[in-house]
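Written out below as structure tokens is the structure these notes cover.
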Amino acid sequence: MIKKFLLIGFSILSIGILFYFISPILLVSSTSDKSNVEIFNPKNRETIYLLKTSWGLNGSRMAIGLNTELKVGFKDSYEDKYECVGFCDSPILYKLEQDTLFVYDGNWQFPKEDNFKTPIKIIELKVQERLGIYRNYKSLNLKIFPEDQTYIIENSAKK
């Protein structure tokens, strides 16, 4: 009887451990989503990409780069991209003005290999500044990335 109880307990534990390690793989392959925006700077003849990839329930990653390579998961790092670190689920605002790309908000790690010809200015916003910009983003000629999260900016502006 005790052997049977131990065998059942061990089986349940084994299945639980197996599910724990396999479920992230299943979630990544079944629910991954990518968003890319291409920004061309005619003055510098350079194309810059805003990149976001999402997977599973709480996994997402954002970057700014000169190519569209951005893998699902956190194991890869990119020395040639601006990478969002920490909480990267919120949309960002951006605009290309003259020869500079302005990116509003996000917690960005600067690239180790900066091959960008276009200057990129990261503008961190305090709560009050953020709400003011959210209310006026259209008149400031700002765009939202990813575009499918426009509702987040617009709903925040109503508060």
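What to note about this one:
- Scanning the range 107-145 for residues that are open to solvent by less than 100 Å² (accessible area, probe 1.4 Å), modelled with pLDDT of 90 or more and in a loop (DSSP other than H, G, I, E, B) yields PRO111, GLU113, ASP114, ASN115, PHE116, THR118, PRO119, TYR137, SER139, LEU140, LEU142.
- Residue within the range 86-99 that is within 11 Å of the chain's Cα centre (by Cα) and under 26 Å from LYS43 (Cα atoms) present: yes
- With respect to the conditions (1) over 28 Å from ASN44 (Cα atoms); (2) open to solvent by 20 Å² or more (accessible area, probe 1.4 Å); (3) in the same structural domain as PHE40 (by the TED database), THR150 falls short on a single one, namely (3).
- When residues of the range 1-56 are limited to those that are open to solvent by 40 Å² or more (accessible area, probe 1.4 Å), charged (D, E, K, R) and within 24 Å of CYS88 (Cβ to Cβ), the one modelled with the lowest pLDDT: ASP33
- The residue pairs whose first member lies in the range 33-51 and is farther than 14 Å from THR118 by Cβ, whose second member is assigned to a loop (DSSP other than H, G, I, E, B), and whose beta carbons are closer than 7 Å, counting only pairs six or more residues apart or on different chains, are SER35/PRO146; ASN36/THR68; LEU51/THR68; LEU51/LEU70.
- Any pair with Cβ under 7 angstrom, 6 or more apart, that starts in the range 76-98 at a residue that is without any contact (Cβ under 8 Å) to a residue 60 or more places away in the chain and ends at one that is open to solvent by less than 50 Å² (accessible area, probe 1.4 Å) and of a type in the set (S, T, N, Q): CYS88/SER60; ASP89/SER60; LEU96/ASN41
The values are calculated or read from the model by the stated rules, or taken from the named source; none is laboratory data. Only a predicted model underlies this, so the values are computations on that prediction, with no experimental measurement involved. Reconstructed Cβ throughout: ideal geometry from the backbone, glycine too, with neighbour counts over all protein chains shown. Ligands, DNA and RNA are stripped out before the accessible areas are found, and what is left, the full protein with its side chains, is counted by its heavy atoms. Shrake-Rupley method; radii C 1.70, N 1.55, O 1.52, S 1.80 Å.
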